[in-house]
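The values are calculated or read from the model by the stated rules, or taken from the named source; none is laboratory data. It should be emphasised that the depicted structure is a prediction, and the values quoted were computed from it without experimental measurement. Cβ coordinates were reconstructed from backbone atoms using ideal geometry, including for glycine residues, and neighbour counts include every protein chain displayed. Calculation scope for accessible area: heavy atoms of the full protein, side chains included, ligands and nucleic acids excluded. Shrake-Rupley method; radii C 1.70, N 1.55, O 1.52, S 1.80 Å.
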Amino acid sequence: MEKEKDRHPATRYVWELLDEQERGAALAFNERYKEFLSLAKTERETVDYLAGRARNSGFAPLLEFGRLKAGDRVYLIGRGKIMAMAIIGSEPLEKGLNIIGAHVDAPRLDLKPKPLYEEAGLALLKTHYYGGIKKYQWVAIPLALHGVVVKGDGRVISLVIGENGADPVFTIADLLPHLAKDQMEKKMSEAVTGEALNILVGGLPVDDREAKERVKKVVLEHLGRYYGIHEDDFVSAELEAVPAWPARDVGFDRSLIGGYGQDDRSSVFTALEALCEQREVRRTAVALFADKEEIGSTGNTGMHSVFMVNFIAEIAGRCLPQYSDLALRRILNNSRAISADVTAGLNPSYPEVMDKLNAPLLGCGVVISKYTGARGKSGASDAHPEFVAFIRGLFDREGVIWQTGELGKVDQGGGGTIAYLMARHGMDVLDCGVPLLGMHSPFEVASKLDVYMAYKGFRAFFRNAD
Ligand code: MN
Ligand code: MN
């Protein structure tokens, strides 16, 4: 095993630290990761995938259990969009849990409640973007529609259109450069407006000269015939336009992965696999997959909600000889957590936004961030050095290649994760995840080495009982 100084990678080629066998394992792991990214493009699809993987790995719905014992594998899903999984440990719950929290939502374009209209002989859908996007990145690319429409009688119709080679795709037409003189002089943040993110969905008039809005009518007839959806059903729908492409290898050497939603599904997949692999644990291990992180962790499926605490209370109620609020508080307070989320890798074309000394590099390992936040660390959880040292020591002992980093230059911007929402219950929390290029873009790029090291790090964390 290499010396500790070799693990601080900024000046090294870290791939060299992996022997042939581990390189093979890393590449094989990433093949499965790529499949997951291509399949799970919405929070619901991600939770469906997680539930399937959980059941295959011996997990069963928590609420079906009476008492719980060491080794039991349980999960709980909230509204199809937030999920927690746990393996009950052999040590008393009051000693605390090992929790890894990630988020299942990603930036995208949601359809408005009244989206469909006809203009200039074309049918379009109006959108309202979700999360922090650079709007100009979402025009002139193929889009797929994913989501659900809930009929007035409660029936749920699930849709995925645009992922299959035989499917049509949708797109937002950009303005041609020949006529973009005014647009090109605008600031990038204003060049494409939110109200211009209208998705092209049809151009064929219905064969009825008396009808009004004949192109829109064809679209509605299609939706009615194939999906049983009527125009007023959009009011109770959750339809999301996402990039229509699968995740792909990037680079001649295939060392990188490009794909939509790696923030934060790189953490979701690595935490999931790290947990499923555990057989027996001493401290109860919990993987938490939250929704709504990209819009502030709000709502009853976001991390501001009571979901995590309720999940742990349901477990405590089935494990403790006598459940009490005080016992629950002790469990939460004594827990340790990783807030698993991506961070910004150094983009070689934009080094000026990073402090090079503290910038994560792609291919140099999973990133530990003591704090996130903006400006004066605003919104950061800011882990205690004792806990950073604990994780650092653990990763070193377990051969996890890691690096440290902060999200860009101090005055350049910033961001946050769910760390502070876990920390408020008393537990120690550290931010940890994969560095990306082009975060929040339709095609985010990660290094396969970093994805694998996140998995290895999370596996070590779940196993740990020091
Ligand atoms: Mn994130
Ligand atoms: Mn994000």
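A few notes on this one:
- Index of the failed condition, residue 201 passing every other in (1) within 32 Å of the chain's Cα centre (by Cα); (2) over 19 Å from residue 119 (Cβ atoms); (3) not polar (S, T, N, Q): (2)
- Output for the stretch 285-310, where each listed residue is in a strand (DSSP E or B), within 15 Å of ligand 2 (Cβ to nearest atom) and touching a helix residue (DSSP H, G or I) at 6+ places or on another chain (Cβ under 7 Å): 289
- One residue alone among 430, 407, 449 is within 15 Å of ligand 2 (Cβ to nearest atom) and either open to solvent by 40 Å² or more (accessible area, probe 1.4 Å) or not in a loop (DSSP other than H, G, I, E, B) (or both), and that residue is 407.
- Beta carbons closer than 9 Å, at least 6 apart along the sequence or on distinct chains, pair a first residue in the stretch 223-242 that is β-branched (Val, Ile, Thr) with a second that is in a helix (DSSP H, G or I) for 229/220; 229/223.
- Among all residues of the stretch 345-362, there is at least one that is more than 16 Å from ligand 1 (Cβ to nearest atom), open to solvent by less than 50 Å² (accessible area, probe 1.4 Å) and touching a Ser or Thr at 6+ places or on another chain (Cβ under 6 Å).
- Exactly one residue out of 229, 199 is part of a strand (DSSP E or B) and of a type outside the set (Phe, Trp, Tyr): that is 199.
- Where a residue in the stretch 399-420 is free of Cβ contacts under 8 Å to residues at least 40 places away in the same chain and its partner, wherever it lies, is away from ligand 1 (no atom under 15 Å from the Cβ) and open to solvent by 10 Å² or more (accessible area, probe 1.4 Å), with Cβ under 6 Å and at least six apart: none
- Any hit, the stretch 275-284, residues being within 16 Å of ligand 2 (Cβ to nearest atom), within 20 Å of residue 434 (Cβ to Cβ), touching a strand residue (DSSP E or B) at 6+ places or on another chain (Cβ under 8 Å) and in the same structural domain as residue 96 (by TED's automatic domain parsing): no
- Of the residues screened, residue 393 is not one that is within 16 Å of ligand 2 (Cβ to nearest atom) and farther than 22 Å from residue 87 by Cβ.
- Residues in the stretch 240-272 that are more than 17 Å from residue 35 (Cβ to Cβ), open to solvent by 10 Å² or more (accessible area, probe 1.4 Å) and of a type in the set (A, V, I, L, M, F, W, C): 252 alone.
- Note on the stretch 103-144: among residues that are basic (Lys, Arg) and part of a strand (DSSP E or B), the one that is nearest to residue 38 (Cα to Cα) is 108.
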